[in-house]
Amino acid sequence: MLKIAKLAALAMAGALMAVPAFSQDKPAATGIAATVNGVVIPQARVDMRLKAATSQGQADSPDLRKMVLDDMVNLEILSQEAVKKGLDKQPDTIQQVELVRESTLAGAFVQDYTKNHPISEDTLRQEYESLKGKLGNTEYKVSHILVSSEDEAKAIEVQLQKKKSKFENIAKEKSKDPGSSEHGGDLGWNVPSNFVKPFAEAMTNLKKGQTSAPVQSQFGWHIIKLEDVRNLTVPPFEQVKPNLMQRLQQQSVQKMIADLRKNAKIE
């Protein structure tokens, strides 16, 4: 599904051209930023580009305004030249223009939808409390060794019991998990909900420093070692509120798109 950020990015199609700018000193008439070969560049269009630039962290200044206007003039000159050569009639160009049109309309629709379907403060707080409940009160620092078969896992279990090799050395040598094997199997600090159920259940039943018997999941067979345990400190609501807002808005947009697809005739 398209997410808000992706739709917004598509709607902003047409990045500023990296073409040397020229001087544009005379003030624009009301509603008109410039005229190029008789074609008007509306001030509203320039203001939209300026807004996009400032929203990305650039400071509004006379230099920025001049750069944006110069760039819009360059774009108009180049587009006029493209039309003279008939490039606007090429199939690829037609499809690109149509894609930008559709993307802009889709972005406008999503913005309108989120504006008219705001996420309430109560909904945000309910989501916060729900996530707090899923996280629990405890974090676990855990390592694991992942192998393909139960026999291999049992052989590693015996090797660890006899203390013939250190856990981290076996993980580096034999674990199939590319993300943790090079770190000796270390998965860092996590809450149980970050793991699949069999892994989480085995992990929470271990004592600090203890290693599990082989545990099967859809990924293979795990030998799990609990390194440490600590109380979990959940960030306050106001700190995570912006992320919760974005998450719920994205979910709302995804549901809206899914509902529209159900009612659309797609062949």
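Of note:
- Selection status of residue 195, surrounded by 18 or more Cβ atoms within 10 Å (Cβ to Cβ) and hydrophobic (A, V, I, L, M, F, W, C): yes
- Tally, over region 138-165, of residues that are farther than 13 Å from residue 214 by Cβ, at pLDDT 95 or above and of a type in the set (Lys, Arg): 1
- Inclusion of residue 241 among residues that are assigned by TED's automatic domain parsing to the domain that holds residue 152 and of a type in the set (Lys, Arg) is not warranted.
- If you go through region 130-153 and pick out every residue that is of a type in the set (Lys, Arg) and more than 19 Å from residue 201 (Cβ to Cβ), you end up with 1.
- Every residue from region 46-96 that is closer than 20 Å to residue 34 by Cα, among the hydroxyl-bearing types (Ser, Thr, Tyr) and surrounded by 12 or more Cβ atoms within 10 Å (Cβ to Cβ): 79
- Every residue from region 210-255 that is among the aliphatic types (A, V, I, L, M) and out of contact with any His (no Cβ under 8 Å at 6 or more places or on another chain): 213, 226, 229, 232, 234, 240, 244, 245, 248, 253
The values are calculated or read from the model by the stated rules, or taken from the named source; none is laboratory data. Model, not experiment: these values are computed from the prediction. FYI the Cβ positions are ideal-geometry reconstructions off the backbone, even for glycines, and counts take in every protein chain you see.
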